[in-house]
Amino acid sequence: MTEEHNIAIAGLGRIGTLFLEQVLESDCGLNVVCVLEVKDTPGRQLAEEKGIKVVDLDGLIQIGVGVDVVFDMTGSGSFRSKMQNKYEESFNSYTAIASPAIARLVWSFLSDEYLPSIHSSKHQAMVDSMLEQARAGILK
């Protein structure tokens, strides 16, 4: 018997949609409780078709420990920080936030196919991180 794990997926762009599709196709014990996506993407449409709740960040936080793991597929360090802060403010130390690297690890157990990176390379991820730090005033 497979243990069920309740998950949420934040960000249903190109990569988040592929991840959602793979989880839905797999009998892997991952139950998608909700997704977070503000735009009308194919991933959001798929979630709605499957009856999966589409929530905003506050809606996710309200679910509380009903979500074991949030897979952050947004590619946004600022969103990840905001989500982490909201969880801390709600005293939820149970729900884990998994990075795209962890999602790739999970993907490797679910599929033989290649999951493209949110960033085209580690170097692009580093540049994106530096740009976000500059926008936040951390780097000058």
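Laboratory data are not the source of any read-out in this text; all were calculated from the coordinates shown. From a predicted model like this one, the values you see are computed outputs, not experimental measurements. Don't worry about glycine lacking a Cβ; one is built from the backbone with ideal geometry, like all the others, and counts go over all protein chains shown.
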Notebook entry, point to check: Over segment 5-135, what is the relative contact order in whole percent, taking alpha-carbon pairs under 8 Å and six or more residues apart?
Noted result: 28 percent
Next item on the list: Give the residues of segment 69-86 whose amide nitrogen is closer than 14 Å to a point set 7 Å from the Cα of residue 138 in the direction of its Cβ.
Entry: 76-85
Check: Using the Cβ atoms and a cut-off under 12 Å, what net charge is assigned to the surroundings of residue 42, where Lys and Arg are +1 and Asp and Glu are -1?
Finding: -2
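May I ask you to compute the full-extension gain from residue 109 to residue 94, defined as 0.36 nm times their residue separation minus their alpha-carbon distance, rounded to one decimal in nm?
3.0 nm
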Notebook entry, point to check: Can you work out the FRET efficiency for the pair residue 85 and residue 65, with r the C-beta to C-beta distance and R0 = 22 Å, to the nearest 0.05?
Noted result: 0.80
Margin query: Multiplying the sequence separation of residue 57 and residue 6 by 0.36 nm and subtracting their Cα-Cα distance, what value in nm do you get?
Written below: 16.7 nm
Check: If we restrict to alpha carbons, what Rg and Dmax does segment 1-115 come to, in Å?
Finding: 13.2, 39
